[in-house]
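Enquirer: Before I ask anything, here is the structure I am working with.
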Amino acid sequence: MAKNIRILYVDDEEELRYLVENQLSHEGFHVKTADDGDTAVKMLEENSYDVILLDIRMPRMSGIEVLKYIKKRGINSRVIMLTAVDDLSVALESVKNGAIDYLTKPYEFETLLKSIKRVIL
């Protein structure tokens, strides 16, 4: 199942991005990464992804802004928001703008993997 799933992982934390990319690749997913929202938007203009893992707090363009872009453009990707801030209003705004799941950092890799599998089924 994972072999044909394309994931875009967007996070400004380089070490975490590298770790998650390697873990997901090891599970058989095709993973591309972006270090900020601007880069993610450019990548979304050029490619399609089944799942987008999107950090909320990033410099220049926040994850919420990227999520609104995805919704406005009608991009058919499943979005999982990731954040270090456990804030109900941010979670509600994420869902309102099309996110399917919301995980609070730090999260266990198995929790992320279960969330990905849940949104692609």
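The values are calculated or read from the model by the stated rules, or taken from the named source; none is laboratory data. Small disclaimer: the values here were computed from a predicted structure and weren't measured. Glycine also receives a Cβ, built like all others from the backbone with ideal geometry; neighbour counts cover every protein chain displayed. Surface accessibility is based on the protein's heavy atoms, side chains included, excluding ligands, DNA and RNA. Shrake-Rupley method; radii C 1.70, N 1.55, O 1.52, S 1.80 Å.
Enquirer: Could you list, ordered by first residue, the pairs with Cβ atoms under 6 Å in which the first is in segment 38-67 and touching a residue at least 24 places away in the same chain (Cβ under 8 Å) and open to solvent by less than 30 Å² (accessible area, probe 1.4 Å) and the second is in a loop (DSSP other than H, G, I, E, B) and not hydrophobic (A, V, I, L, M, F, W, C), at least 6 apart or interchain?
Expert: TYR49/SER77; ILE52/SER77; ASP55/ASP11; MET58/ASP12; MET58/ASP36; LEU67/ASN97
Enquirer: Then there's this: Any residue at all in segment 75-87 that's modelled with pLDDT of 90 or more and acidic (Asp, Glu)?
Expert: No: segment 75-87 contains no residue that is modelled with pLDDT of 90 or more and acidic (Asp, Glu).
Enquirer: Report the residue count in segment 70-97 for those that are open to solvent by 40 Å² or more (accessible area, probe 1.4 Å), closer than 20 Å to ALA40 by Cα and in contact (Cβ under 8 Å) with a residue 12 or more places away in the chain.
Expert: Here the count works out to 7.
Enquirer: Still on this model: Looking only at segment 98-121, which residues are within 20 Å of TYR49 (Cβ to Cβ), open to solvent by 50 Å² or more (accessible area, probe 1.4 Å) and modelled with pLDDT of 90 or more?
Expert: Within segment 98-121, ILE100, LYS114, LYS117, ARG118 qualify.
Enquirer: Additional query: May I ask you to say which residue of ILE70, ILE52, ILE56 is in contact with a strand residue (DSSP E or B) (Cβ under 7 Å, 6 or more places away or on another chain) and closer than 16 Å to PRO106 by Cβ?
Expert: Working: ILE70 fails: closer than 16 Å to PRO106 by Cβ; ILE52 fails: closer than 16 Å to PRO106 by Cβ.
It is ILE56.
Enquirer: I'm trying to understand the selection: among the residues of segment 4-48, which are assigned to a loop (DSSP other than H, G, I, E, B), out of contact with any helix residue (DSSP H, G or I) (no Cβ under 8 Å at 6 or more places or on another chain) and under 16 Å from VAL79 (Cα atoms)?
Expert: ASP36, ASN47, SER48
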